[in-house]
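A.B. asks: Below is the structure I would like to discuss, written out as structure tokens.
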Amino acid sequence: MAATELVEGVLQGDRRSLARLISLIENEDPSVGYALSQLYRHTGRAHIVGVTGPPGSGKSTLVDRLTTEYRRRNKTVGIVCVDPSSPFTGGALLGDRIRMQGHALDKDVFVRSMGTRGHLGGLARATSDTVRAMDAFGKDIVVVETVGAGQSEVEVIDLAHTILVIDVPAAGDDIQAIKAGIMEIADIFVVNKSDLPGADKKAAEINAMLDTDPRERAWRPPVMMTNARGGEGIAALVDKIVEHRKYLEDSGLLAQKGLQRSRDELRTIMSYKLTRELMEKLEGRPEYEQALRKIAERDDDPYSVAERLIAEFLVDYGRSVKENGERKRR
Amino acid sequence: MSSSKKIRVLVAKPGLDGHDRGAKVVARALRDAGMEVIYTGLRQTPEMIAEAAIQEAVHVVGLSILSGAHNALLPKVTELLRKEGADDVLVIAGGIIPEDDVPGLKAAGIAEVFGPGTPLSDIVDYIKAHVKL
């Protein structure tokens with residue numbers, strides 16, 4: 001089924017249409033571009049919350065409990081959980097849903113598991129468009145759970161309005177807290193498993209790190225303590241997320257982030273589309289293969305060849321766009 | 001590896017028995033065969049399994065059951081999937097299921113039943129041969 005036929009269903013809140021659209025997004029089906037362009041003006045309402053942190057820190061359990069609290073506040077919730085795909089077989093074991101099955105029968109909660117399929121950065125390539133589909137579907141809150149993140153899987157920053165970075169007691173010393181990368185992207189820190197010894201020390205280390213943060217920010221990331229399994233600290237955490245959203249709105253940062261996101265996104269779409277169409281044109285063509293051989297034999301150089309091929313492509317591309325009028329294909 | 005269709009499989013344990021060693025071994029084998037396996041864990045009702053299958057848009061549902069309640073629970077899963085219009089999903093089962101019960105389960109829409117000792121490659125091959133992508 002083509003993505004275009006699913007648009008109506010997604011807008012009307014049909015779960016199956018949403019599920020199938022997400023699969024088409026994951027498979028990079030050519031019909032997806034048009035469907036997403038149809039959905040676009042129905043998006044922008046959801047509050048997107050990113051949850052990241054090391055494997056086993058309790059991300060899925062925390063997302064489950066956050067969902068319970070949001071449902072208590074009558075908010076509908078979409079969840080995208082990303083787990084790694086094998087670099088060897090492409091297979092994946094997606095286990096985040098185990099912690100969330102308590103919401104399986106709640107029609108206002110939609111959970112989707114996703115393998116990274118070779119994408120680095122903590123998310124799958126399809127995550128961003130999936131979040132958008134859930135937004136158009138009408139979810140008030142969309143939670144994105146990254147893969148178990150080490151230090152530099154920070155791509156979620158491009159996607160989420162509010163980022164929770166989860167840490168646990170007794171994981172590393174205070175040097176870990178001042179390293180670059182994931183520790184810099186938090187809007188809210190969560191020290192989970194707060195029932196374990198060392199939780200206060202961990203919170204103190206993060207606070208010490210924040211004390212010496214040179215960035216002048218009106219929002220200092222609070223350090224929240226939770227025991228997700230026991231359900232402790234969850235309501236206070238949701239209060240903080242709501243507070244952060246309000247801060248983004250009042251300070252004008254939300255609009256600023258939106259503009260930045262549009263800028264990044266347009267650039268991504270353009271470069272992806274250009275590369276893909278260019279390579280579709282070139283690959284397998286005898287002239288292309290011949291040019292490659294010439295480069296390998298030092299008969300020609302890749303810099304000049306690239307310039308020539310791109311110039312030819314752009315002329316062709318301009319012509320075909322004019323001929324087709326509005327092209328309805330990604 | 002990207003931009004190609006992947007076989008998505010939900011592995012679930014319906015009912016009340018707490019033994020998921022077999023389900024985990026099968027999940028691992030399917031992962032190693034290049035499939036995306038969503039594991040939902042223990043003590044699932046047929047309703048929870050069907051809903052997860054819909055949301056995850058899986059092609060295959062693998063049900064592991066050792067409790068003896070298969071005649072009650074497994075047909076319920078296929079019935080719910082049918083009701084949702086998801087009858088193109090391949091539903092297979094494994095665990096302790098007496099041979100006498102297999103024809104009844106197959107009539108109820110369980111495509112195949114894999115008993116103890118089944119080589120993992122048999123399950124992988126069966127899915128690859130029968131899945132509708």
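A.B. asks: Within 10 Å of each Cβ of A:276-286, how many other protein chain Cβ atoms are there on average? List each step's numbers first, then the result.
C.D. replies: Numbers: counts 1, 0, 0, 0, 0, 0, 0, 0, 0, 0, 0.
Partner Cβ neighbours, averaged per residue: 0.
A.B. asks: Using only alpha carbon pairs under 8 Å that are at least six residues apart, calculate the relative contact order of the range A:209-328 and give it in whole percent. Please list the in-between numbers first.
C.D. replies: Details: 24 pairs, mean separation 10.8, N = 120.
Taking the mean separation of contacting Cα pairs over the length of the range A:209-328, I get 9 percent.
A.B. asks: Compute the relative contact order of chain A as a whole-number percentage, counting only Cα pairs closer than 8 Å that sit 6 or more residues apart in sequence. Display every interim value, and only then the final one.
C.D. replies: On the way: 494 pairs, mean separation 59.1, N = 330.
Over chain A, the number comes to 18 percent.
A.B. asks: Also, quick follow-up: With only Lys, Arg, Asp and Glu charged, each at its Cβ (+1 for the first two, -1 for the last two), find how big the charge dipole of the range A:44-251 is about the Cα centre; round to the nearest 20 debye. It would help to have the intermediate numbers written out before the result.
C.D. replies: Working: 26 positive and 29 negative charges, 142 e Å.
Here the range A:44-251 has a charge dipole of around 680 debye.
A.B. asks: In addition: State the dimensionless ratio Rg/Rh of the range A:50-197 (Rg: radius of gyration of Cα atoms; Rh: Kirkwood radius). Walk me through the numbers before you get to the answer.
C.D. replies: On the way: Rg = 15.0 Å, Rh = 15.7 Å.
Ratio of gyration radius to Kirkwood radius for the range A:50-197: 0.95.
A.B. asks: Add -39500 (n - 2.57) for each DSSP H run of 4 or more in chain B, then divide by its residues: what number comes out at 222 nm, to the nearest 500 deg cm²/dmol? Could the numbers behind the result be given before it?
C.D. replies: Details: 5 runs with 54 residues, N = 133.
About -12000 deg cm²/dmol.
A.B. asks: Would the range A:1-97 count as rounded, prolate or oblate if I go by the C-alpha gyration tensor, calling it rounded below 1.5 in a/c and otherwise prolate when a/b exceeds b/c, oblate otherwise?
C.D. replies: Numbers: a/c = 2.38, a/b = 1.21, b/c = 1.97.
Judged from the Cα gyration tensor, the range A:1-97 comes out oblate (a/c at least 1.5, b/c at or above a/b).
A.B. asks: Hey, another quick one. Can you list the lysines whose alpha carbon is less than 30 Å from that of residue B:83, not counting same-chain residues fewer than 8 positions off?
C.D. replies: Here the lysines satisfying the reach criterion relative to residue B:83 are A:75, A:107, A:139, B:5, B:6, B:13, B:24, B:106, B:128, B:132.
A.B. asks: Fewest first, what order do A:31, A:85, B:121 take by the number of other Cβ atoms within 10 Å?
C.D. replies: On the way: A:31 18, A:85 26, B:121 10.
Least crowded to most crowded, the residues run B:121, A:31, A:85.
A.B. asks: Oh, and also: Among A:211, B:87, A:96, which comes first, second and so on when ranked by fewest other beta-carbon atoms within 10 Å?
C.D. replies: Numbers: A:211 8, B:87 12, A:96 24.
Ascending Cβ contact count within 10 Å gives the list A:211, B:87, A:96.
A.B. asks: Can you tell which of A:118, A:9, A:295 lies farthest toward the positive end of the dipole of chain A, using +1 and -1 charges on the Cβ of basic and acidic side chains (Lys, Arg; Asp, Glu)?
C.D. replies: My answer, from the dipole projection, is A:9.
A.B. asks: Picking from A:39, B:55, A:19, whose Cα lies most toward the positive end of the charge dipole for the protein assembly as shown (charges on Cβ: Lys, Arg +1; Asp, Glu -1)?
C.D. replies: Of the candidates, A:39 comes out farthest on the positive side.
A.B. asks: Distance in nm between label sites at residue A:16 and residue B:88, each 7 Å beyond Cα in the beta-carbon direction?
C.D. replies: 1.0 nm
A.B. asks: Please report the relative contact order for the range A:1-42, taking Cα pairs under 8 Å with a sequence separation of at least 6, and give it as a percent rounded to a whole number. The partial results should precede the final answer.
C.D. replies: Numbers: 30 pairs, mean separation 20.9, N = 42.
In percent, rounded to a whole number, it is 50.
A.B. asks: Still on this structure: Checking a compactness column here: for chain A, what do you get for Rg(Cα) / (2.2 N^0.38 Å), N being the number of residues?
C.D. replies: Its radius of gyration relative to the 2.2 N^0.38 Å reference: 1.13.
A.B. asks: Can you compute the helix-only [θ] at 222 nm over chain A? Use -39500 (n - 2.57) per DSSP H run of at least 4 residues, normalise by all residues, nearest 500 deg cm²/dmol.
C.D. replies: Details: 11 runs with 149 residues, N = 330.
Per the formula, -14500 deg cm²/dmol.
A.B. asks: Please rank A:62, B:90, fewest neighbouring Cβ atoms within 10 Å first, as an exposure proxy. Show your work: numbers first, answer last.
C.D. replies: Working: A:62 26, B:90 20.
Going from least to most buried by this count: B:90, A:62.
A.B. asks: In degrees between 0 and 90, to the nearest 10, how far off the longest principal axis of chain A does helix A:15-26 point, with axes built from Cα atoms?
C.D. replies: 60 degrees
A.B. asks: Enter the Cα centre distance for the pair the range A:7-69 and the range B:63-133, rounded to the nearest angstrom.
C.D. replies: 30 Å
A.B. asks: Expressed in nm to one decimal, what extension gain is obtained for the pair residue A:269 and residue A:43 from 0.36 nm per residue of sequence separation less their Cα-Cα distance? Walk me through the intermediate numbers first.
C.D. replies: Values: separation 226, 0.36 × 226 = 81.36 nm, distance 1.73 nm.
Result: 79.6 nm gained on full extension.
A.B. asks: Calculate how steeply helix A:59-72 sits against the longest principal axis of the alpha-carbon atoms of chain A, using the helix alpha-carbon long axis, and give the answer as 0 to 90 degrees to the nearest 10.
C.D. replies: Computed tilt is about 70 degrees.
A.B. asks: I need the P(r) histogram for the range A:156-278: all alpha carbon pairs, bin width 10 Å from 0 out to the longest distance, whole percents.
C.D. replies: Taking every Cα pair in the range A:156-278, the percentages come to 12, 36, 30, 15, 7, 1.
A.B. asks: What's the angle, to the nearest 10 degrees (0 to 90), between helix A:286-296's Cα axis and the longest principal axis of chain A?
C.D. replies: That works out to roughly 70 degrees.
A.B. asks: Given Cβ point charges of +1 (Lys, Arg) and -1 (Asp, Glu) and nothing else, what value in debye, to the nearest 20, does the dipole of the range A:258-324 about its Cα centre take? Each step should come with its number before you reach the end.
C.D. replies: Values: 13 positive and 15 negative charges, 73 e Å.
Its charge dipole is roughly 360 debye.
A.B. asks: In whole Å, largest first, what are the principal axis extents of the Cα atoms in the range A:258-324?
C.D. replies: 48, 29, 18
A.B. asks: Rounded to two decimal places and with Rh computed the Kirkwood way over Cα pairs, what is Rg over Rh for the range A:104-146? Let's see the in-between values first.
C.D. replies: On the way: Rg = 11.3 Å, Rh = 11.4 Å.
Reported Rg/Rh (Cα atoms, Kirkwood Rh): 0.99.
A.B. asks: What Kirkwood hydrodynamic radius, in Å, does the range A:1-42 give when the mean of 1/r is taken over all pairs of distinct Cα atoms and then inverted? Each step should come with its number before you reach the end.
C.D. replies: On the way: mean 1/r = 0.1017 Å⁻¹.
Taking the inverse mean of 1/r over all distinct Cα pairs, the range A:1-42 comes out at 9.8 Å.
A.B. asks: So what is the diffusion coefficient of chain B in µm² per second by Stokes-Einstein at 10 °C and 1.306 mPa s, using a Kirkwood Rh over Cα pairs?
C.D. replies: Taking Rh from Cα pairs, D becomes 109 µm²/s.
A.B. asks: Taking the Cα centre of the protein assembly as shown as origin, sum charge times position over the Cβ atoms of Lys and Arg (+1) and Asp and Glu (-1), and report the length of that vector in debye to the nearest 20.
C.D. replies: On the way: 63 positive and 68 negative charges, 143 e Å.
With Lys and Arg at +1 and Asp and Glu at -1, about 680 debye.
The numbers here are math on the coordinates, done by the rules we state, and not lab data. Computed from a prediction, not measured in an experiment: that's the story for all the values here. Positions of Cβ are backbone-derived with ideal geometry, glycine not excepted, and every protein chain shown enters the neighbour counts.
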